[in-house]
1. Within the group 195, 121, 202, which residue is basic (Lys, Arg), touching a Ser or Thr at 6+ places or on another chain (Cβ under 7 Å) and not assigned by TED's automatic domain parsing to the domain that holds residue 34?
2. Identify the residue in the stretch 289-305 that is surrounded by fewer than 16 Cβ atoms within 10 Å (Cβ to Cβ) and within 23 Å of the chain's Cα centre (by Cα) and, among all such residues, is modelled with the lowest pLDDT.
3. Suppose the filter is hydrophobic (A, V, I, L, M, F, W, C), modelled with pLDDT under 95, within 29 Å of residue 141 (Cα to Cα) and surrounded by fewer than 22 Cβ atoms within 10 Å (Cβ to Cβ); does residue 22 pass it?
4. Might you check whether a residue that is farther than 21 Å from residue 112 by Cβ, in contact with a strand residue (DSSP E or B) (Cβ under 7 Å, 6 or more places away or on another chain) and either in a strand (DSSP E or B) or among the charged types (D, E, K, R) (or both) occurs anywhere in the stretch 212-235?
5. Identify, from the list 308, 290, the residue that is touching a Gly at 6+ places or on another chain (Cβ under 7 Å) and not polar (S, T, N, Q).
6. Go through 132, 194 for me and flag whichever is basic (Lys, Arg), at pLDDT below 95 and surrounded by fewer than 21 Cβ atoms within 10 Å (Cβ to Cβ).
Amino acid sequence: MKKVTKPQALRKIIHIDMDAFFASVEQRDNPKLRGKPVAVGGGSMRGVVAAASYEARVFGVRSAMPSVTAKRLCPNLIFVKGRFPAYREVSEQIRSIFLSYTDLVQPLSLDEAYLDVTEHKRGPASATLIAKAIRQEIFATTQLTASAGVSFNKFLAKVASDINKPNGMKVIMPEEALDFLAKLPVEKFHGIGKKTAARMHKMGFRTGGDLRELSEVELASRFGKAGRHYYRIVRAEDHRLVDPNRVRKSVGAERTFSENLTEVKEMKEKLDFLAERIYGYMVDKNNFGRTVTLKMKDPDFQINTRSRSFGGEVRELTRLQEIAHQLLDENVAEMPVVRLLGISVSNLEKEHEGEGVQLLLPFPEDAK
């Protein structure tokens, strides 16, 4: 006799995403920046944009964009140095508001989080009204705006939060979900990047409805393991829980330099600096990993990554630095000039379903 699986009860999930967070904090704290195109990050020719205000985004400026490109797109762009202590302070204020409504808060970064308000501490029974109240409290407390997505699973809430940005909200009810996803362009699906979306377009798939025409086997044959994920999400199937105790799967740090590095000795000095930051985090969390990955980027933005795994956790700073040096020595001939170096440690002891954390380091002009 075939076993019948009981359907999972619908949850009330909210995804809150602050609007242009770093740049908005800068505009709030400096009235002269309000209404102007602002980029947080490196203003030098070799810098990288960490965040852009909506006034800058109109010109095509985006995070992770080289500063020289951003300046070319927006000649009046104003660069400001990142102030991460200030961003953390605001993030803690926002987190306190979340926790006043529910204990089921899963932060994704300083400026966004999932909340499960199925059983809430205070406020109305409606998740929509709770999301509205949270956004109002955030603005009253921080003078910053937030956008929200409300639905019955995490995937839909995440997608919904982007629909009416900035300072907007989108609600996707259970009876609306399939029609919404059928019309949604594939590039709007969370987790489908530009390259994958372009590949889908070439195959003739432009919307969720197009993907829904394929079986799970057909999607897997075209997109591998991700294809099985696409099969579920286009059918609004996402049973992941909001996990307030999520443990990180990796910890990493990287840095873009104001000038290219060409000497191996200097590269190793920079790697030692990054390793110290990562090691400090692992010690603080008592969470060490078995896999070390080196990331290198050259002046043409080509990226080279190399990893090495071990039978036990890397628990000593000198050992982490030694491994990073070895990976560099083995690969520097392939990329002798670099503009960025990064280290990450994964296969952590407390690994659980979650994502990596990227440590916040100074931008090139801030560093000594």
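The values are calculated or read from the model by the stated rules, or taken from the named source; none is laboratory data. It should be emphasised that the depicted structure is a prediction, and the values quoted were computed from it without experimental measurement. Using ideal geometry, Cβ is built from the backbone for each residue, glycine included, and neighbour counts are taken over all protein chains shown.
1. After applying the criteria, what remains is 121.
2. This residue is 301.
3. So residue 22 does not fit the description; no.
4. No, the stretch 212-235 has no match at all.
5. 290
6. Matching residue, one of 132, 194: 194.
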